[in-house]
Amino acid sequence: MTIAPMTTALAIRPGKHALSGRGAATAVPFASADEAWIWTMGCLIARRQGARFGANKGLVSRPCEPDDVVKCLDALYRQRRIDLIHARILRIWGERQMAPNPAYASERSDARIWREAMTRLEWPLRVKGIVA
């Protein structure tokens, strides 16, 4: 009886690993967590309105899918590193496709909460290669 080598049984099939089809070498990471979040919310809004997504079909190839950024945020929430108010502010301002401006008194509190959330989200995104 011969046993097949382990490498053939456990070989990764093309298209089944995380970065296949995304052009890992050509993917452009985001400059900041803010930029990644605004992009993510734009994608989620488009998806909600019926758009279909495929990797690398935009003008700039990104190193992730929108759900990857949401999963990082969810992990922070489950670790109690952010609260529901952070997620609420990120959703509201993400749908507006802009960050709150602390120069306006009415946005000052939201800007503080936004900055807290972005500071905590930056590291997990950087570790995953989503943010440069």
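The values are calculated or read from the model by the stated rules, or taken from the named source; none is laboratory data. Here the structure is a predicted model, which means the values were calculated and not measured. Glycine also receives a Cβ, built like all others from the backbone with ideal geometry; neighbour counts cover every protein chain displayed.
Annotations for the structure displayed:
- Set side by side, the residues 40, 26 differ, and just one is modelled with pLDDT under 95 and either within 21 Å of residue 99 (Cα to Cα) or of a type in the set (S, T, N, Q) (or both), which is 26.
Residues checked against (1) surrounded by 14 or more Cβ atoms within 10 Å (Cβ to Cβ); (2) under 20 Å from residue 130 (Cα atoms):
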position: 42; (1), (2): yes, yes
position: 60; (1), (2): no, yes
position: 81; (1), (2): yes, yes
position: 88; (1), (2): no, no
position: 97; (1), (2): no, yes
position: 111; (1), (2): yes, no
position: 114; (1), (2): yes, yes
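- Every residue from segment 84-119 that is acidic (Asp, Glu) and either farther than 29 Å from residue 49 by Cβ or under 18 Å from the mean Cα position of the chain (by Cα) (or both): 95, 116
- Of the candidates 68, 110, the single residue that is closer than 17 Å to residue 126 by Cα, outside any loop (DSSP other than H, G, I, E, B) and not aromatic (Phe, Trp, Tyr) is 68.
- Selected residue [modelled with pLDDT of 95 or more and aliphatic (A, V, I, L, M)] from 51, 103: 103
- Residues in segment 94-115 that are of a type outside the set (S, T, N, Q) and closer than 16 Å to residue 69 by Cα: 94, 95, 114.
- Restricting the first member to segment 71-90 and to residues that are farther than 20 Å from residue 111 by Cβ, and the second to residues that are not hydrophobic (A, V, I, L, M, F, W, C), the beta-carbon pairs closer than 6 Å and six or more apart or on different chains are 72/124.
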